[in-house]
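Taken together, the values in this text are just the output of simple stated rules run on the coordinates, not laboratory data. It should be emphasised that the depicted structure is a prediction, and the values quoted were computed from it without experimental measurement. So basically every Cβ, Gly included, is an ideal-geometry build from the backbone, and we count neighbours across all protein chains shown.
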Amino acid sequence: MTEIGRNITQLRSEVPANVRIVAVSKFHTVQDIEAAYAAGQRIFGENRAQELCTKAPLLPSDVEWHFLGHLQRNKVRMIMPYVNTIQSIDSVELLRLVDAEAARLGKTVNVLLQLHVAQEETKTGFAPAELMMLATDGAFIGMNNVRICGLMTMASFVDDMEQVRTEFTMAKSVFDTLKSAVFMGNSNFSTLSMGMTGDWRTAVRCGSTMVRIGTAIFGERNYQG
Ligand SMILES: *Cc1c(COP(=O)(O)O)cnc(C)c1O
């Protein structure tokens with residue numbers, strides 16, 4: 001077995017069975033993705049539209065592609081044929097555009113609303129109060145070609161796991177509130193995507209149902225490549 005295959009096997013033995021693993025393959029090669037696929041991995045995440053569109057046709061069709069980066073409006077149409085889930089919906093306008101483009105193709109796409117809980121200003125997404133207000137106002141209803149499956153969030157990149165835990169706990173609380181107050185009776189709304197290589201254990205303890213792991217599977221990314 002390849003090193004990537006061993007990493008996946010190891011990770012799967014540690015991550016609870018009810019938590020899905022997205023293998024974040026950005027900046028890694030198609031061969032690397034194939035090695036992960038050979039070890040049974042089927043969900044892969046990319047954060048750049050062009051990279052996703054280049055890689056997806058080269059891999060088996062049962063790969064479930066997740067888009068996790070900031071999505072520019074003019075890239076929506078390009079990724080739509082390939083993408084199973086867009087994890088990074090950060091505005092109602094983007095969501096409506098995704099819905100329209102999915103309708104154009106006659107498909108339904110899964111989406112996660114990106115929640116901003118990190119103290120860092122650089123992270124994008126809805127603020128908790130903003131998301132609650134939009135949801136209560138009905139901003140997320142009436143779209144037939146998007147399936148709103150839950151939330152995605154990133155914690156601050158800090159060594160202080162107490163701060164990370166506070167942020168993940170806040171995300172879990174927003175998720176629970178939305179689920180019981182706005183998306184009740186909607187069985188699709190069940191995913192809380194949080195946790196990366198450095199903080200997934202904390203995320204899982206705080207209630208994550210989906211972790212997005214790059215480095216621990218594929219090794220360090222070479223951004224020059
Ligand atoms: C790159 C990326 C990850 C994976 O990061 P690692 O630290 O390599 O596990 C997870 N989520 C998002 C949104 C990313 O952009």
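At a glance:
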| item | result |
| --- | --- |
| Convex hull volume of the range 71-180 per residue (C-alpha atoms, cubic angstrom) | 103 |
| Dipole of the range 1-81, positive direction: furthest Cα of Thr2, Val63, Ser13, with charges on the beta-carbon | Val63 |
| Rg to Rh, two decimals, where the chain supplies the alpha carbon set and Rh follows Kirkwood | 0.95 |
| Cα-based reach from Lys26 at 27 Å (exclusive), listing lysines while leaving out same-chain residues under 8 positions away | Lys55, Lys75, Lys107, Lys123, Lys172 |
| Stretch gain in nm, segment Ala127-Thr29, where the contour uses 0.36 nm per residue and the Cα spacing is subtracted | 31.8 nm |
| Sorted by Cβ neighbour density within 10 Å, fewest at the top, the residues Glu162, Glu34 | Glu162, Glu34 |
| Student exercise, the chain dipole from Lys, Arg, Asp, Glu Cβ charges, in Debye to nearest 20 | 580 |
| Among Thr29, Thr124, Thr202, residue whose mean-square fluctuation peaks in a GNM of the chain (springs only between Cα atoms under 10 Å) | Thr29 |
| HN-Hα J in Hz across the range 52-60 - Karplus 6.51, -1.76, 1.60, θ = phi - 60°, x for Gly and Pro | 4, 5, 6, 7, 3, x, 8, 10, x |
| Cα lying deepest toward the dipole's positive end in the range 3-218, options Ala216, Met170, Thr85, charges on Cβ | Thr85 |
| Helix-only [θ]222 nm of the chain, DSSP H runs n ≥ 4, -39500 (n - 2.57) each, per residue, nearest 500 | -11000 deg cm²/dmol |
| Using distinct alpha-carbon pairs, which all enter the 1/r mean, Kirkwood radius of the range 51-119 in Å | 12.5 |
| Under Karplus coefficients 6.51, -1.76 and 1.60, residue-wise ³J(HN,Hα) of the range 66-83 in Hz, glycine/proline x | 10, 9, 10, x, 4, 9, 6, 4, 6, 9, 4, 4, 5, 8, 3, x, 9, 8 |
| Residues in the range 74-104 reached by a label modelled at Thr54 [backbone nitrogen below 16 Å; 7 Å Cα→Cβ] | 79 |
| Cα lying deepest toward the dipole's positive end in the range 151-225, options Ser190, Met154, Thr202, charges on Cβ | Ser190 |
| Relative contact order of the range 36-80, defined on C-alpha pairs under 8 angstrom at six or more residues apart (%) | 47 |
